[in-house]
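The values are calculated or read from the model by the stated rules, or taken from the named source; none is laboratory data. Small disclaimer: the values here were computed from a predicted structure and weren't measured. Cβ placement follows ideal geometry from the backbone for every residue including glycine, while neighbour counts extend to all protein chains displayed. Side chains are part of the model used for accessible areas, which takes the heavy atoms of the whole protein and leaves out ligands, DNA and RNA. Shrake-Rupley method; radii C 1.70, N 1.55, O 1.52, S 1.80 Å.
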Amino acid sequence: MSRSERLLDLLQLLRRHRRPVAGAVMAEELGVSLRTLYRDIATLQAQGAAIEGEPGVGYVLKPGFVLPPLMFSVEEIEALVLGSRWVAAAADGDLKTAARDVLAKIAAVLPPDLREEMEGSTLLVPKDMASIASGTIDVSVLRRAIRSERKLVVIYRDVEGVVTERVIWPFLLGFLDHARIVGAWCELRQGFRHFRADRIESLSDAGMRYPRRRQALLQEWREATGYTDKN
């Protein structure tokens, strides 16, 4: 186990307890000597962790402390790298740039051992998935409409080739392997509908916000579809 991982484990242990924990108890749980534990606590305190206490009394982490970015485990680093690489390959131009910037910012604050893990990651994704099924529209326009809760006017061609004009309230964008899916309330159908981005022939701002909050629509959609984040 690297020292960074050990410090992270110590912080996680402290976060599980609301009352002071004896150093000997923590040292035994972490599998380190008491001397190493005291040294690690001093290191965390020097880095800004709000740990109160002293040897023989016990230690407690004050509520509200947020783990600094450098306190990622190796698995968390791999998850961030894989997710960012997927976004860089699958999303539109703005998100591609943002994903690369995120990795650069994370790498800049990581300690040397974790930076080496990050830069040497062998978790790869296909180089360019953005053109799989996004069609000719600018997906970033959809994302902006979702964030600002704006109605969109879309010209949509369904699977049978029938073209309709719809006014929709977009509230989610799904990045699937084979397609980009827009979840929206459709005024024409008076219900939730899913639109493949590659079948949207054109889209434009309808000039107004939709009358519901995005989170309320998302919750209703989840209840209607049975979708959860664990699906």
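Across segment 18-35, the qualifying residues are those that are out of contact with any Gly (no Cβ under 9 Å at 6 or more places or on another chain) and surrounded by fewer than 15 Cβ atoms within 10 Å (Cβ to Cβ), and the one among them that is farthest from Gly58 (Cα to Cα) is Gly31. Suppose we filter segment 48-77 for residues that are under 15 Å from Glu5 (Cα atoms) and either assigned to a loop (DSSP other than H, G, I, E, B) or modelled with pLDDT of 85 or more (or both); how many remain? Residues flagged as under 15 Å from Glu5 (Cα atoms) and either assigned to a loop (DSSP other than H, G, I, E, B) or modelled with pLDDT of 85 or more (or both) within segment 48-77 amount to 7.
Among the candidates Ala99, Ala90, which residue alone is more than 30 Å from Pro20 (Cβ to Cβ), open to solvent by less than 30 Å² (accessible area, probe 1.4 Å) and modelled with pLDDT under 80? Going through Ala99, Ala90 in turn, just one is more than 30 Å from Pro20 (Cβ to Cβ), open to solvent by less than 30 Å² (accessible area, probe 1.4 Å) and modelled with pLDDT under 80: Ala90.
Surrounded by fewer than 19 Cβ atoms within 10 Å (Cβ to Cβ) and among the aliphatic types (A, V, I, L, M): does that describe Leu80? When the stated conditions are applied, Leu80 passes them. Reported count of residues in segment 159-213, each being under 24 Å from the mean Cα position of the chain (by Cα) and not acidic (Asp, Glu), is 20.
Evaluated against (1) within 27 Å of Thr228 (Cα to Cα); (2) buried (at least 20 other Cβ atoms within 10 Å of the Cβ), Leu176 falls short on exactly one condition, (2).
For first residues located in segment 44-64 and aromatic (Phe, Trp, Tyr), partners that are open to solvent by 80 Å² or more (accessible area, probe 1.4 Å) and lie 6+ apart or on another chain with Cβ distances below 8 Å form the pairs Tyr59/Pro20; Tyr59/Glu52. Restricting Ala206, Ala145 to those that are modelled with pLDDT of 90 or more, more than 15 Å from Ala90 (Cβ to Cβ), among the aliphatic types (A, V, I, L, M) and in contact with a Pro (Cβ under 7 Å, 6 or more places away or on another chain) reduces the list to Ala145.
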